[in-house]
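Remarks on the structure that follows.
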Amino acid sequence: MTQSTTQHIDRLLEPIVRQRFFEGKVLVVYGARQVGKTTLARQVLAHLPLPDAASAASANVVSLNGDMPDTRLLLEDAAPERIRALLEGKKILFIDEAQNIPAIGMILKRIADTMPDVQVLVTGSSSFDLANRTSEPLTGRKIEYTLMPLSFQELKNATDLARERAKLERRLIFGAYPEIATHEDDAAERLRTLAGSYLYKDVFALQAVRNPALLEKLLRALALQCGSEVSYREVGQLVGLDGKTVERYVDVLCRSFVLFVLPAFSRNARNELTRTRKIYFHDCGIRNAVIGNFLPLAQRTDTGALWENYLMSERYKWRLTHAPDTRAYFWRTQAQAEVDLVEESAAGLSAYEFKWSERRTARIPAAFTTAYPNARVEIITRANYDMFLLEKTKNPQP
């Protein structure tokens, strides 16, 4: 019998979205498929104090699903009369999977213009598609959020710090998609299904990606280079694509929340590398599914790369929620001196080096501290990674 965790895991984004209701803005939540956007929206609506306190929440909400043909047909001709008929007496319009609705940006603009007292909440699984369709029509009328797989802080909040720390190896191998984190006995099987059936659905639908087999080959090559600098030209030679096509595919994978790119940091010092990048997966479980390796850490040769990918992806989630204006980089010189992560914010520079083995001495290179003497520096290990991922800040997501 499959063991599962049935308790609800609160998302940090939920109160942030809820507090922006009824401010005259369309609220848009992006995220990969199966990351919990629909559940988040339902939780937001279930705990929302509505202007008409005497009415039940369900009576005030119109819920539509962009995956359903009837929804697309209903909104195909979103004339003002139809909008008024659809939303008469309602306070909220919720549209799930909105990227599937043609001209969704113009539809939302019309609703915002004709019924400003109705709060609109939409979710979309492919930011490149939904953003393109909403950006121009909704200029100045929307607030955007991004939902990622469960974060260390969210998982810790659902249990306690000691229990979440004890699951570190599991997070490195199976990741933190909600379905995976709450079903422990068949996580590998569920990840294979997620990676094979859901993850690339939006990517393969794009005409820009004409060869799914080559895309999967590219993803495997990138997965095997986690933590290393990536040359689009060299990766292209490995998989049979030119460098420009590799760059385009990587962009699509980033916009569909599979990968993210970390550029090199430089303030024009002669010996600093500038035209290079590292590529990470948003979820270690997806990375391991791509290469077909769910072996325990004791039987692996890529533990250091997994550790680096885990901390990079978790810190990405941390920045989304706590410090959205902070920019992230890696740093390296031509002499191979390197810093894993450099964060730049209004408060200054912070530099972090990630080490899995606590037996090895680690330090921030002298070349970096000499070039940037005011930077905050820290070594992140298994002993202190939890505080790194729970760090407090005065700049929360708006």
**Item:** Search result, residues across the range 11-41 that are surrounded by 14 or more Cβ atoms within 10 Å (Cβ to Cβ), farther than 23 Å from K156 by Cβ and at pLDDT 90 or above
**Value:** R20, F21, F22, K25, V26, L27, V28, Y30, T38, A41
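Each row is one residue, and each column tells you yes or no for (1) surrounded by fewer than 18 Cβ atoms within 10 Å (Cβ to Cβ); (2) touching a Phe, Trp or Tyr at 6+ places or on another chain (Cβ under 6 Å); (3) of a type in the set (A, V, I, L, M, F, W, C).
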| position | (1), (2), (3) |
| --- | --- |
| R327 | yes, no, no |
| F330 | no, no, yes |
| D340 | no, yes, no |
| E343 | no, no, no |
| R376 | yes, no, no |
| A383 | yes, no, yes |
| M387 | yes, no, yes |
**Request:** Quick one: count up the residues across the range 109-163 that are in a helix (DSSP H, G or I), among the hydrophobic types (A, V, I, L, M, F, W, C) and more than 22 Å from the chain's Cα centre (by Cα).
**Result:** 4
**Prompt:** Within the group L161, L172, L168, which residue is in the same structural domain as K355 (by TED's automatic domain parsing), at pLDDT 95 or above and touching a Cys at 6+ places or on another chain (Cβ under 8 Å)?
**Reply:** L172
**Asked** If we scan the range 143-155, do we find a residue that is of a type in the set (V, I, T) and either surrounded by fewer than 14 Cβ atoms within 10 Å (Cβ to Cβ) or touching a Ser or Thr at 6+ places or on another chain (Cβ under 9 Å) (or both)?
**Response** yes
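Condition check ((1) among the hydroxyl-bearing types (S, T, Y); (2) surrounded by fewer than 16 Cβ atoms within 10 Å (Cβ to Cβ); (3) modelled with pLDDT of 90 or more; (4) within 17 Å of R171 (Cβ to Cβ)) across all residues:
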{"site": "S266", "(1), (2), (3), (4)": "yes, no, no, no"}
{"site": "L273", "(1), (2), (3), (4)": "no, no, no, no"}
{"site": "G285", "(1), (2), (3), (4)": "no, no, yes, yes"}
{"site": "A289", "(1), (2), (3), (4)": "no, no, yes, yes"}
{"site": "A298", "(1), (2), (3), (4)": "no, yes, yes, yes"}
{"site": "T301", "(1), (2), (3), (4)": "yes, yes, yes, no"}
**Scan of the range 60-86 for residues that are in contact (Cβ under 8 Å) with a residue 24 or more places away in the chain and over 17 Å from Q99 (Cβ atoms), ordered by number** = N60, V61, V62, P80, I83, R84, L86
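The values are calculated or read from the model by the stated rules, or taken from the named source; none is laboratory data. Because the structure is predicted, anything quoted here is derived from the model rather than measured. Neighbour counts are summed over all protein chains in view; Cβ atoms, including those assigned to glycine, are modelled from backbone coordinates with ideal geometry.
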